[in-house]
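Enquirer: Following this message is one structure expressed as structure tokens.
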Amino acid sequence: MLPFALTIFLSAFLLFQVQLLLAKYILPWFGGSPAVWTTCNLFFQALLLGGYAYGHLISSRLSPRAQKRLHQMVLFASLAVLGVQTILWKSPLTPEKSWQPANNASPVLHIIFLLAVSVGLPFLVLSSTAPLLQAWLRQTHSQDSVYRLYALSNFGSLLALLTYPVLVEPWLALRTQAYAWAWGFLVFALGCGFCAEGLEQGEALPVPVPELMEGRAPEPGTPPPGKMLCALWLGLAACGSALFLATTNQLCQEVAVVPFLWVLPLSLYLLSFVLCFERKMWYARRWFHPAFGAAVLAACFVLYDGAWRHLTVQVAVYSATLFVCCMVCHGELARLKPSPQHLTLFYLMVAGGGAVGGVFVALLAPRIFSGFWEYQAGLGGAAALLVVVLLRDPESWLRRGGPRAEFALLAFAVLLPVSILLATPESRVARGLLVVLVILVLLALLLHLSRKKREDKGAPRRRAVWILPVATLGVLGAVLAVSAGQQPDVVLARSRNFYGVLTIRLDDAGDSENEAYELRSGGTIHGVQFRAEDRRGIPTTYYGEDSGVGLAVAETRKRANRAPKPRGLRIGVVGLGIGTMAAYGRRGDKIRFYEINPRVIQLATDSPYFTYVKDCLAKVEMIRGDARISMTRELERGERQKFDVLAIDAFTGDAIPVHLLTREAFAVYLQHLAPGGILAIHISNRFLDLEPVARRAAEEFGLQSVLIVSEDNDPVTYESDWVLLSRDAEILHSPTIWEQSEDEEKPARRLRLWTDDYSNLFQVLKLKW
């Protein structure tokens, strides 16, 4: 059994190492969006389904000799693919830069295409290993020992996930990682080939052609799974997958993108598989079902902004809820697993459920929902499936619990609006739900009294056991639906695409002087513009005249006007927002915006809400696509922009594009900067201290740098942090800039230089979350 166990473990380890490697490699090509990770998960889950289907089909349809030959041919083809890649790309797995997207018109399709070309066939082979090798062993070992190999497989995936950010990423360049992975795949292929050889030598008992194909009856005691059971396998796996991806979205786009927030949800998801399939005793209904109720209540509290600005509370609640829900889904899945005779079908349904969850979150949800509401859908789906499983099981606490089960459901239903009241004490929704719950309690009491008066206590009991769970699900559904649609402010428009959710709000409605339109991406403000005609052109939020970028523009304009031949300024801006930087444009100036999100460009240039770009007197140019890729291609064409001011404004949100802060990125910026120009880095961020990163890059290139912290002047401007860098020390020491700097008050920490191969967000986490 040892060769099989080692091969399965290595295949699972390689599966997740390559996912992380390729996701990091292509992340900068799509602007560093967290949706890249979701799309990668969708692709790998779909390919996992393909691998499980391949394993199921060949193990049930082919003779041992045919299985051996076919699988060895597929292994050889996978090795050949890696060899061809090494010849063409100078490295396996990692495509050349010529494969970068031109304008990100269809990022999801482009990501799937890149992954299919890079690792499609090798990943398919790896994903088929666990079910295929277990099928080869199923008749020589007990059910539990064979299914424990599934836990071993998930443990290998979990180990790969946890070791990558600690042992692999910090020490190995991406191409080195790719070569190491390719050598690991060669070892795996040899191990898998060895196991296949055992099919004909009798070392592993071959899987016979299905009994029905030979005209024989199935083995006694192992009837084929019914449609209802297969549907439950599919649904439970889909719900766990959807919750994992929805929690990742919720954390990375609505809370913060920090390293462990990418790794944490997937680690908890895999850990639940390991625990549930390794030992039966590790999933106990008497513990996890009450924990499920408590987790859902805590999640509702957070969804109603009960922990806004408390990052640790949000991360803890979302993570605990995900783990408990996955333990319930996968624990019930493990309880329903069939005999080893049908294990490949079982794994096929599990993989199919994972793919269904991925399709729902990555493809359907962005088209169905205008917000990140798949999280609420996942919670409601988990609760509904749990009720179905318990009602289907005659020995469950719900079927046999009597008054105690009814009391538990009523208590849960009553606590749902209480959690909303704790989060938002003035909520009308919670008050309305309390009225509904009073009616439910009265109904439950009437059912209880009528049951006692009847001689046949079984019949009313059978009817009542369905009523209360369904009513409780209705209350939970109402709470989750309202949390998805809650709009505390005046929301004028909301849209969602690959890059996130954009919301336009009306601030200070009715105040003729301060009434303004606001654009938000998730929870981050991307710009505010006053509606009043006399205030519409004022630069607001992080771009006021006293901000770092405002001072940079003012000082370079003074110098341009004092030149023998006065000229207009050339201003570059990475990150459009609502186009607030266009407020600094004058006749003769040229302002060039780089923006990856086409919806942002449409709102800033062609919407009735924001007019900075329309009203700008300067010539405005819009460059769609990732800024670094666009600027690199301009250099390749010999188009140096010679910016007087280049503002890098892509880090206010929590989903920061790390690739815009590396040594290679600064090298591109400096080639586009005029000799006396200023590079302005906007580092305002709730959770990350990016000043040391910018300072270290300045040191690397011999640049002078100053930190400008502007004060809050509500409602016009916000407190903002900018680091200004220039080759010319004189311009940064001018009175306009130096008097506002804080360099003497706060020395920056020294960090290792960030590169495309190395970055460490843990080092810049702010201690006060």
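Enquirer: For the residue pair ASP508 and VAL187, what label-to-label distance in nm results when each label sits 7 Å from Cα along the Cα-to-beta-carbon direction?
Expert: Taking the two extended label points, one gets 6.4 nm.
Enquirer: Order 727-740, 363-376 from most to least packed using the mean count of other Cβ atoms within 10 Å.
Expert: So the order, starting with the most tightly packed, is 363-376, 727-740.
Enquirer: Among 667-675, 562-570, how do they line up by average Cβ neighbours within 10 Å per residue, starting with the highest?
Expert: 667-675, 562-570
Enquirer: At a Förster distance of 30 Å, what's the computed FRET efficiency of GLN72 paired with VAL117, Cβ-Cβ distance as r, to 0.05?
Expert: So the FRET efficiency works out to roughly 0.80.
Enquirer: Turning to a different aspect of this structure: Using the Cβ atoms and a cut-off under 14 Å, what net charge is assigned to the surroundings of TRP397, where Lys and Arg are +1 and Asp and Glu are -1?
Expert: Within the 14 Å Cβ shell, the charges total +3.
Enquirer: Between SER495 and SER98, what FRET efficiency follows from the Cβ-Cβ distance if R0 is 30 Å, with the result rounded to 0.05?
Expert: My answer for the efficiency is 0.40.
Enquirer: If I model segment 567-726 as equal point scatterers sitting on the Cα atoms and use the Debye formula, what is log10 I(q)/I(0) at q = 0.16 Å⁻¹?
Expert: -0.95
Enquirer: Separate question: If you take the Cα Rg of the chain and divide it by 2.2 N^0.38 Å, with N the number of residues, what do you get?
Expert: Here the Cα radius of gyration is 1.07 times the empirical estimate.
Enquirer: Do any of LYS24/LYS614; LYS24/LYS68; LYS565/LYS614; LYS24/LYS766; LYS24/LYS280; LYS68/LYS337 go past 32 Å between their Cα atoms, and which?
Expert: Where the Cα-Cα span goes over 32 Å, the pairs concerned are LYS24/LYS614; LYS24/LYS68; LYS24/LYS280.
Enquirer: Which residues does the label zone of ASP615 cover in segment 678-719, counting backbone N under 17 Å from a point 7 Å along Cα→Cβ?
Expert: 715-717
Enquirer: Whole-Hz ³J(HN,Hα) for each residue in segment 30-41, computed from phi via Karplus 6.51 cos²θ - 1.76 cosθ + 1.60 with θ = phi - 60°, x for glycine and proline: what do you get?
Expert: Whole-Hz 3J(HN,Hα) from phi for segment 30-41: 10, x, x, 5, x, 5, 4, 5, 5, 5, 4, 4.
Enquirer: Continuing with this model, one more query. Using Cα atoms only, what is the angle between the long axis of helix 285-303 and the major principal axis of the chain, expressed in degrees (0 to 90) to the nearest 10?
Expert: On a 0 to 90 degree scale, this one is about 20.
Enquirer: Now, a different point. Work out, step by step, the length gained on full extension between VAL313 and ARG750: first 0.36 nm times the residue separation, then minus their alpha carbon distance; give nm to one decimal.
Expert: 154.3 nm
Enquirer: Next question. Over segment 13-101, one equal point on each Cα, no solvent: what is log10 I(q)/I(0) by the Debye formula at q = 0.16, 0.19, 0.22, 0.24 Å⁻¹?
Expert: -0.83, -1.03, -1.18, -1.25
Enquirer: Hey, what's segment 289-433 come to in accessible area per residue, 1.4 Å probe, Å²?
Expert: With the other protein chains kept in place, segment 289-433 gives 38 Å² per residue.
Enquirer: Take LYS280 and MET622, extend 7 Å from each Cα along the Cα→Cβ direction, and tell me the distance between the two endpoints in nm.
Expert: 6.3 nm
Enquirer: Run through the DSSP bridge list for the chain and note the antiparallel percent, rounded to the nearest 5.
Expert: 60 percent
Enquirer: Using a 1.4 Å probe on the protein chains only, how many percent of the accessible area of segment 621-690 belongs to carbon and sulfur?
Expert: Answer for segment 621-690 is 48 percent, counting heavy atoms of protein chains only.
Enquirer: Taking a label point 7 Å from the Cα of ARG400 along the Cα→Cβ vector, which residues of segment 352-394 have an amide N closer than 20 Å to it?
Expert: Residues passing the 20 Å test: 386-394.
Enquirer: Using a 1.4 Å probe, what is the accessible area per residue for segment 19-118, in Å²?
Expert: 38 Å²
Enquirer: Amide H to amide H, which residues 5 or more places from ASP756 or on other chains are under 5 Å from it, using H placed in the peptide plane?
Expert: Residues meeting the amide H criterion: ARG663, GLU664.
Enquirer: Moving on to the next point. What fraction of the DSSP beta bridges in segment 551-692 is antiparallel, stated in percent and rounded to the nearest 5?
Expert: DSSP beta bridges in segment 551-692 are roughly 0 percent antiparallel.
Enquirer: Also, quick follow-up: Suppose R0 equals 22 Å. What FRET efficiency, 1/(1 + (r/R0)^6) with r the Cβ-Cβ distance, do ALA532 and ASN713 give to the nearest 0.05?
Expert: The value I calculate is 0.85.
Enquirer: Which one of LEU603, LEU132, PRO417 is farthest out on the positive end of the charge dipole of the chain, using unit charges on Cβ (Lys, Arg +1; Asp, Glu -1) and the Cα centre as origin?
Expert: Ranked along the dipole, the leading option is LEU132.
Enquirer: Same structure, new question: If you count, for each residue, the other Cβ atoms within 10 Å and average over each peptide, how do 109-116, 230-237 line up from highest to lowest?
Expert: Output ranking for 109-116, 230-237: 230-237, 109-116.
Enquirer: Assuming 0.36 nm per residue, please report the length gained on full extension of the stretch ARG586 to TRP738 beyond their Cα-Cα distance.
Expert: Additional length available on full extension: 52.3 nm.
The values are calculated or read from the model by the stated rules, or taken from the named source; none is laboratory data. Since we're looking at a predicted model, the values are computed, not measured. For neighbour counting, all protein chains shown are included, and Cβ atoms are generated from backbone atoms with ideal geometry for every residue, glycine included. The protein model used for the area step is the full one, side chains on, heavy atoms only, and it has no ligands, DNA or RNA in it. Shrake-Rupley method; radii C 1.70, N 1.55, O 1.52, S 1.80 Å.
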